[in-house]
Structures are given as C-alpha cells and as structure tokens.
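Working notes for the structure below.
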Amino acid sequence: MTILVTGGTGLVGPRLLKRVTEAGIECRALVRPGKELPDGVERAEGDILSPESLPAAVEGVTAVIHLAAVFRTRDDRQIWTVSYPRSSATPTALPRNRSPTLGRDKWM
C-alpha cells in the first residue's frame, strides 16, 4: 500500500507522514521543489495547481490524503480549486493511474 499526501509540508502533513511511515505504510508526498520531507517519505515534485505534474505523483498509489490548502490569497476560486479535491486537477490524473485499487472514491 502506498499513500499519496498532498500538503505534506504544511501544518498537518509532516506530522501525519511521520506517523504513517512509522506504522510501516509507504508514503509519497506531492511537494514543491526545495521543500523538506520527513525521513522515509518518497518525494513527488509538483504542484497541485499544475496538472502535468500529477500523473507521476499518483502512479501506483492506493489512496490519496488531500491536505493541500491555500490560505493567503484573495482569490476565492483558487481556494476552492486547491481545497476541494473534486475541483482540483488531482482527480483527473487518477484514471491514468495504473493502480487498479485507486479510483475517485479513494480520497480522504
């Protein structure tokens, strides 16, 4: 089982990633270049707002934990695009995923 975490470098992400990896679950995090991750977490460089970076991030994952959020903007559309997973680009990358267990219903 491999879990993809968006927002892995935010307030909650690093704590969750540490605990999940300590539990023996493989984790991958979608992160922007230059961001640090806890030990044992696979890095998938990209951006939740860049659809072209997402197929590689979701490749082979079993579930997605969507923690990415935008707080410091006056752009309401961007807040919803990032915070509400069905409106972001991530779900559109899922059908191309080769993992038969991951579908649009595997969001947490």
Practice task
Give the stretch 38-77 a look and list any residue that's without any contact (Cβ under 8 Å) to a residue 40 or more places away in the chain, farther than 24 Å from Glu22 by Cβ and not acidic (Asp, Glu), or say none.
Solution key: Gly46, Ser50, Ser53, Leu54, Ala56, Val70, Phe71, Arg72, Thr73, Arg74, Arg77
Practice task
Six or more apart or on different chains, Cβ under 7 Å: which pairs go from a residue in the stretch 1-18 that's without any contact (Cβ under 8 Å) to a residue 40 or more places away in the chain and of a type in the set (Val, Ile, Thr) to one that's in a strand (DSSP E or B) and buried (at least 19 other Cβ atoms within 10 Å of the Cβ)? Could you list them?
Solution key: Thr9/Val31
Practice task
Inspect all residues belonging to the stretch 43-51 and state whether any of them is assigned to a loop (DSSP other than H, G, I, E, B), under 12 Å from Thr6 (Cα atoms), open to solvent by less than 70 Å² (accessible area, probe 1.4 Å) and among the β-branched types (Val, Ile, Thr).
Solution key: yes
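The values are calculated or read from the model by the stated rules, or taken from the named source; none is laboratory data. Not measured: the values here are computed from a predicted model. Heads up, the Cβs are rebuilt from the backbone with ideal geometry, glycines too, and the neighbour counts pull from every protein chain shown. To get the accessible areas, we keep the full protein, side chains included, count just its heavy atoms, and leave off ligands, DNA and RNA. Shrake-Rupley method; radii C 1.70, N 1.55, O 1.52, S 1.80 Å.
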